[in-house]
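Each remark here refers to the structure printed beneath this line.
The values are calculated or read from the model by the stated rules, or taken from the named source; none is laboratory data. Here the structure is a predicted model, which is why all the values come from computation and not from measurement. Glycine gets a Cβ as well: all are built from the backbone with ideal geometry, and neighbour counts include every protein chain shown.
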Amino acid sequence: MPSPKTMLIAVTIMLSLIVGGIFASRSWYKQNQLNENPAILARQAVEAHDLETFKLYVDLDKVIDAAAEEILTEQINSTLAPTAYSMDELQSQYEELKLDFVKCATAAAEEYISTGKVTFPNDPTEAQKFFKKSGAASCEIKTISKPMRRDDSRIVTIMIHNPQMKFNFEVELVLEPAGEVDWRITNARGFESYYSGYRRMLRRKLDSLNAPIVRQMDSIFKVKSFSVKSAGGDEYGFSQTLDIEIKASIQSDKPLAQVHGNVILHGKEDQESLTPFAIDIIGQGLQTFHVTKTLNPFIKADADAMKHGFRKNDLRIEVTEIIFADGTNLKELDSLPD
């Protein structure tokens, strides 16, 4: 069994918190002041690869469900392009993502507790790719607070460090009375800060890797200026469409076919809304193009802009790919190399 600071094999954040941290900390018992210590007993169950006993002290389903809800809500609010305009459509997409997340996390957790290892299929799902690339397996417990009384529950706050992506985040574990086992971990909160920290550091790493590619694309398709005006909204008044006029200088040794990119709206607390665009290119020199961005009231950054307004500086035009007439292309990396 790993020590509190060791690199963890666990794929999910839930395991990083519960298996790798709380239950491996022999000093936690001295801090907690509870009649029974679910942390020590659950740790012993992990060491014995006794999944049934482990589940007596941890409501694994609730913890994983809480993590899925917070991470996926943060992901949708931060990155979803406004292509769905109803709550039903957004809810359907959320439920599909959550089903994959919960299934993968539960399988990984149960395999780790039962065998001490986690295996991946050759064709991983999106959730499994996220767990691997986000550095979940390398998380380390930095600090564990003493339990604090909150009504009939106890709350333990832990600080976790992700050394692969180089950020910290906090999670609260909720302990509740549980009859025969006295105390049980029943919930956890704070996973949205994991996703936002991961996304922030991913963007920094990608920006560094993409810098030379961006400079090359900027020399070929250079945005000189852009202006924004309202182009109305849908018939129900829920959404609002922006018409964006882009003036760009095109200079290339080879004829261009298309330019792909995003219109990005920066909101509060690092929230962003991305709308992709594709522009057909004919000829070179200074040209004017029009793209549209629809503000979706179900996306946080868009909703804030619709309610409070926004400045032109809140919008950014990002070129992500240039496709040449001969079929070759120049494209930003959108994920870290394996």
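Tell me, which residue of region 109-132 that is in contact (Cβ under 8 Å) with a residue 12 or more places away in the chain and in a loop (DSSP other than H, G, I, E, B) is nearest to LYS98 (Cα to Cα)?
Looking at the filtered set, the residue picked out is THR125.
Name the single residue, out of those in region 98-125 being surrounded by 18 or more Cβ atoms within 10 Å (Cβ to Cβ) and modelled with pLDDT of 75 or more, that is farthest from ASN296 (Cα to Cα).
Filtering first and then ranking leaves ILE113.
VAL263: farther than 22 Å from THR73 by Cα and buried (at least 17 other Cβ atoms within 10 Å of the Cβ), yes or no?
no
Which one of these is closer than 28 Å to SER227 by Cβ and free of Cβ contacts under 8 Å to residues at least 40 places away in the same chain: ASP314, ASP304?
ASP304
Counting only residues that are surrounded by fewer than 17 Cβ atoms within 10 Å (Cβ to Cβ) and more than 23 Å from the chain's Cα centre (by Cα), how many does region 307-320 have?
6
For region 170-219, how many residues are modelled with pLDDT under 85, more than 17 Å from the chain's Cα centre (by Cα) and outside any strand (DSSP E or B)?
Within region 170-219, residues that are modelled with pLDDT under 85, more than 17 Å from the chain's Cα centre (by Cα) and outside any strand (DSSP E or B) number 5.
When residues of region 133-145 are filtered for being under 13 Å from ARG199 (Cα atoms) and assigned to a loop (DSSP other than H, G, I, E, B), how many remain?
Count: 2.
Which residues, counting only those in region 248-271, are among the charged types (D, E, K, R) and under 21 Å from LYS331 (Cα atoms)?
ASP253, LYS254 - these are the residues of region 248-271 that are among the charged types (D, E, K, R) and under 21 Å from LYS331 (Cα atoms).
Check off (1) in contact with a Ser or Thr (Cβ under 9 Å, 6 or more places away or on another chain); (2) under 16 Å from ALA108 (Cα atoms); (3) modelled with pLDDT under 85 for ALA81 and give me the number that stays unchecked.
Only one criterion is unmet by ALA81, namely (2).
Could you grab me the full set of residues in region 134-159 that are surrounded by fewer than 20 Cβ atoms within 10 Å (Cβ to Cβ) and either in contact with a Ser or Thr (Cβ under 7 Å, 6 or more places away or on another chain) or of a type in the set (Val, Ile, Thr) (or both)?
THR143, SER145, ILE155, THR157, MET159
Quick one: which residue in LYS247, LYS229 is touching a residue at least 24 places away in the same chain (Cβ under 8 Å) and either loosely packed, with under 12 Cβ neighbours inside 10 Å or not assigned by TED's automatic domain parsing to the domain that holds PRO163 (or both)?
Result of the check over LYS247, LYS229: LYS247.
Can you name every residue in region 266-287 that is surrounded by 13 or more Cβ atoms within 10 Å (Cβ to Cβ) and touching a Pro at 6+ places or on another chain (Cβ under 9 Å)?
Those that are surrounded by 13 or more Cβ atoms within 10 Å (Cβ to Cβ) and touching a Pro at 6+ places or on another chain (Cβ under 9 Å): SER273, LEU274, THR275, ILE281, GLN284.
In this structure, does ASN162 turn out to be surrounded by fewer than 16 Cβ atoms within 10 Å (Cβ to Cβ), assigned by TED's automatic domain parsing to the domain that holds GLU96 and not β-branched (Val, Ile, Thr)?
No: the conditions fail for ASN162.
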